[in-house]
1. Run down B:Val21, B:Val31 and say which single residue is among the aliphatic types (A, V, I, L, M) and facing chain A (nearest Cβ under 8 Å).
2. Looking only at residues in the stretch A:28-52 that are under 12 Å from the mean Cα position of the chain (by Cα) and not aliphatic (A, V, I, L, M), which one is nearest to the other protein chains (Cβ to nearest Cβ)?
3. Inside the stretch B:1-55, can you point out the residues that are in a loop (DSSP other than H, G, I, E, B) and of a type in the set (Asp, Glu)?
4. Out of the residues in the stretch A:93-114 meeting the condition of being in contact (Cβ under 8 Å) with a residue 24 or more places away in the chain and more than 7 Å from chain B (Cβ to nearest Cβ), tell me which one is surrounded by the fewest Cβ atoms within 10 Å (Cβ to Cβ).
5. So if I check each of A:Ala55, A:Ala85, which one is part of a helix (DSSP H, G or I), more than 7 Å from every other protein chain (Cβ to nearest Cβ) and without any contact (Cβ under 8 Å) to a residue 60 or more places away in the chain?
6. Can you name every residue in the stretch B:82-95 that is modelled with pLDDT of 80 or more and facing chain A (nearest Cβ under 7 Å)?
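The values are calculated or read from the model by the stated rules, or taken from the named source; none is laboratory data. None of the values given here were measured: they were computed from a predicted structure. Backbone-built Cβ (ideal geometry, glycine too); neighbour counts: all protein chains shown.
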Amino acid sequence: MPALPCLSALPFLAAIGLNHYIAVAAMLFAIGFFGVLLRQNTLVIYMSLELMLNAATLAAVAFSRYNGTMDGNVFVFFIITVAAAEVAVGLAIVVALFRKRHTVQVEELDALKN
Amino acid sequence: MTDALFYLFSTLTLAAAVLVVVNRNAVNSAVFMILSFLGMASLFVLLEAYFLAVIQVLVYAGAVIVLFLFIIMLLDVRGGDRARFRPLTAIASFAAGALLLTGVGLLFREPSLQLAPPPSPGVGASLRDFGALLFTRYLLPMQVTGFLLLIAMIGVIVLSKRFEAARRDPAA
């Protein structure tokens with residue numbers, strides 16, 4: 001598919017390359033970052049954390065593809081495994097916290113403050 | 001064709017991620033996260049990492065989100081949270097996010113990063129290579145990961161059980 005000459009003047013609309021995937025990964029990371037910092041519900045914070053992890057995963061897969069090696073893919077396999085274990089433990093902690101304090105809002109979880 | 005699909009799926013992923021963060025209701029957030037993960041799996045397919053795309057759908061969209069929904073409904077948290085952003089936190093996070101995006105935006109000006117198109121048969125396409133790597137060069141990480149899963153399972157059981165024991169003790 002030939003690229004339109006007027007579009008190739010813009011760097012963003014060139015043929016899809018590694019940069020585009022990295023840009024998407026960075027935007028996804030930034031979105032997750034905002035979620036972690038701005039939300040107050042522990043579960044939503046946790047979901048945003050997963051988004052950030054996924055952004056790193058996407059970057060690793062893109063680097064692996066453009067490097068022509070399998071290693072990035074294997075790393076992502078391990079990352080997904082560890083993330084699954086991490087989610088299980090984290091949610092167990094949230095449940096234990098909720099049983100103890102009857103809230104999941106981080107504003108009210110200030111037992112260690114001062 | 002691939003370019004159009006890339007824009008479609010990346011827009012889907014990013015829009016769903018924004019909706020995860022903005023949504024007031026945690027259940028809606030979890031459902032939009034499924035959409036985000038599906039878009040991510042499609043991006044993996046575009047990167048010819050087919051096995052990882054399948055794993056992404058199975059593990060994330062399947063197991064992790066079901067666990068999240070289960071916990072959200074178990075805790076029955078009403079109404080999400082109040083829209084009280086600390087102004088300082090908001091300013092700091094937006095500044096940090098802007099810095100990150102600026103740094104990545106500078107990548108587009110760097111000609112050395114405009115890499116040549118990747119080798120035509122994608123490396124992630126071959127499941128046989130994947131298995132061979134996992135059982136040769138990455139054998140030790142593989143074993144450690146299995147052990148980590150065992151530890152996580154025991155940890156979750158202990159975390160869930162301890163409260164019952166602590167509660168029963170004062171009564172006894």
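1. B:Val21
2. Checking each candidate, the answer is A:Gly35.
3. Scanning the stretch B:1-55 gives a single hit, B:Glu48.
4. A:Glu107
5. A:Ala55
6. B:Thr89, B:Ala90, B:Ser93
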